[in-house]
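J.: Pasting a structure here, questions to come.
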Amino acid sequence: SEKLYTASPGLVNALQARTFGVWTLLSSVIRCLCAVDIRNRTLYYITLFTFFLALVHFLSEVFIYHTAALTIGVMAPLMVASFSILGMLIGLQYLEVEALSQNKKKN
């Protein structure tokens, strides 16, 4: 939290820092589970949603609440979230094609 909320560090307390840490841990567990079971559509959508949440969170902290400045500590998660969303949306097309081919094989 010290590297992220540099514009208004006084607004961040220890409880918020721990909550942010737990949220980061939960997101990473979901993303690892998706990497293990990439064909699980529900898990894929949940993982994609975690990247959207991260992107919205960091953008709102910079542009709405002004608690974070555009430093490397904020730019890195913004870039990771953006590129991950893009990659997962591209990968979603292949997941859809695979699901359709599986249904055709069954019929």
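The values are calculated or read from the model by the stated rules, or taken from the named source; none is laboratory data. Quick caveat: nothing in here was measured; it's all calculated off a predicted structure. Every residue, glycine among them, receives a Cβ derived from its backbone with ideal geometry; neighbour counts consider all protein chains shown. Just the protein is used for accessible areas: all its heavy atoms, side chains included, with ligands, DNA and RNA removed. Shrake-Rupley method; radii C 1.70, N 1.55, O 1.52, S 1.80 Å.
J.: Could you rank PHE83, PHE20 by how accessible they are, 1.4 Å probe, largest area first? Walk me through the numbers on the way to the answer.
T.: On the way: PHE83 140, PHE20 40 Å².
Largest accessible area first, the list is PHE83, PHE20.
J.: For VAL56 paired with LYS3, estimate the spin-label separation in nm (one decimal), with each label point 7 Å from Cα along the Cα-to-Cβ line.
T.: With each label point 7 Å from Cα toward Cβ, the separation is 2.6 nm.
J.: Might you work out the accessible area of ILE46 for me, using a 1.4 Å probe with all protein chains in place, and round it to the nearest 10 Å²?
T.: Number for this one is 80 Å².
J.: Using alpha carbons only, how many degrees (0 to 90, rounded to 10) separate the axis of helix 41-63 from the longest principal axis of the chain?
T.: The helix 41-63 is inclined about 20 degrees to the chain.
J.: As I understand it, the value is the acute angle between the Cα axis of helix 14-36 and the longest principal axis of the Cα atoms of the chain; what does it come to in degrees, rounded to 10?
T.: 20 degrees
J.: Oh, and also: For the stretch 42-82, what is one quarter of the convex hull surface built on the Cα atoms, given in nm²? Could the numbers behind the result be given before it?
T.: Details: hull surface 11.0 nm².
Answer in nm², one decimal: 2.8.
J.: Round to the nearest 0.05 the FRET efficiency obtained for LEU89 and ILE64 when R0 = 25 Å and r is the Cβ-Cβ distance. Present the calculation step by step, with values, prior to reporting the outcome.
T.: Numbers: r = 25 Å, r/R0 = 0.98.
Efficiency, rounded to the nearest 0.05: 0.55.
J.: Cut-off 20 Å, label point 7 angstrom out along Cα-to-Cβ of VAL80: give me the residues of the stretch 1-27 whose amide nitrogen falls inside.
T.: What the label zone holds, given the 20 Å backbone N cut-off, is 1-7, 16-27.
J.: Note the angle between two axes, namely the Cα long axis of helix 72-106 and the longest principal axis of the Cα atoms of the chain, as a number of degrees from 0 to 90, rounded to the nearest 10.
T.: 10 degrees
J.: Hey, can you find the accessible area per residue of the stretch 14-106 for me, probe 1.4 Å, expressed in square angstrom? Don't skip to the end; give the middle numbers.
T.: Values: 6240 Å² over 93 residues.
Value returned for the stretch 14-106: 67 Å² of accessible area per residue.
J.: Now, a different point. Ignoring ligands, DNA and RNA, what percent of the 1.4 Å accessible area of the chain is carbon and sulfur? Could the numbers behind the result be given before it?
T.: Details: 5170 of 7370 Å².
The computed percentage sits at 70.
J.: Size of the dipole of the chain about the Cα centre, Lys and Arg at +1 and Asp and Glu at -1 on the beta carbon, nothing else charged, in debye to 20?
T.: Values: 8 positive and 5 negative charges, 88 e Å.
Using Cβ point charges on Lys, Arg, Asp and Glu, the chain gives about 420 debye.
J.: Which value results when the Cα radius of gyration for the chain is divided by 2.2 N^0.38 Å? Don't skip to the end; give the middle numbers.
T.: Numbers: Rg = 17.2 Å, N = 107, 2.2 N^0.38 = 13.0 Å.
Relative to the 2.2 N^0.38 Å estimate, the chain comes out at 1.32.
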